[in-house]
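First comes the structure, then the notes that go with it.
The values are calculated or read from the model by the stated rules, or taken from the named source; none is laboratory data. This one's a predicted model, so the numbers in the text were calculated from it and none came from an experiment. Methodologically, a virtual Cβ is constructed for each residue, glycine included, from the backbone with ideal geometry; neighbour enumeration extends over all protein chains shown.
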Amino acid sequence: MTSLARTQTLRDRFFSWRGLSGRSYVCSIFKAGEEAFVADITLGVAIGVIRSGVDIRAGFVTQLGQYDNCAQLCTVGRELGVNEWHVHFSNSNGVFEDLTGSLLS
């Protein structure tokens with residue numbers, strides 16, 4: 001985690017979110033416009049992020065693998081003002097609940 005904060009290149013590609021359990025989840029960052037790739041991921045959790053300057057907040061959390069195409073993800077992202085997608089690649093069932101409980105409560 002410390003290396004993420006120290007290196008600009010890593011800071012631009014990865015972000016760490018803390019779940020309700022206190023566990024940290026390292027996520028890959030995808031910009032708005034990359035929803036087609038994000039929607040194709042079958043195992044993981046996506047966090048729709050609204051970033052404005054130094055302010056960053058989660059607006060949406062979804063379990064991946066349920067999208068036939070990126071249209072649904074694009075629509076939700078656009079409606080919520082999402083400008084980044086943070087993806088935690090995982091096949092663990094508890095990740096979605098842990099992140100949702102922390103980020104959307």
Scan region 11-40 for residues that are within 26 Å of Gly94 (Cβ to Cβ), at pLDDT below 90 and aliphatic (A, V, I, L, M) and jot them down.
Ala39
Test for Ala39: is it of a type in the set (Gly, Ala, Ser), in contact (Cβ under 8 Å) with a residue 12 or more places away in the chain, buried (at least 17 other Cβ atoms within 10 Å of the Cβ) and not in a strand (DSSP E or B):
yes
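May I ask you to list the residues in region 40-54 that are within 11 Å of Glu84 (Cα to Cα) and among the aliphatic types (A, V, I, L, M)?
First pass over region 40-54, keeping only residues within 11 Å of Glu84 (Cα to Cα): 46-52.
Result: Ala46, Ile47, Val49, Ile50.
The rows are residues; the columns are (1) in contact (Cβ under 8 Å) with a residue 24 or more places away in the chain; (2) surrounded by 14 or more Cβ atoms within 10 Å (Cβ to Cβ).
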{"site": "Ile29", "(1), (2)": "yes, yes"}
{"site": "Ala46", "(1), (2)": "yes, yes"}
{"site": "Ile50", "(1), (2)": "yes, yes"}
{"site": "Gly59", "(1), (2)": "no, yes"}
{"site": "Tyr67", "(1), (2)": "yes, yes"}
{"site": "Val82", "(1), (2)": "yes, yes"}
{"site": "Trp85", "(1), (2)": "yes, yes"}
{"site": "His88", "(1), (2)": "yes, yes"}
{"site": "Ser105", "(1), (2)": "yes, no"}
Boolean, Thr75 is among the β-branched types (Val, Ile, Thr), modelled with pLDDT under 95 and assigned to a helix (DSSP H, G or I)
yes
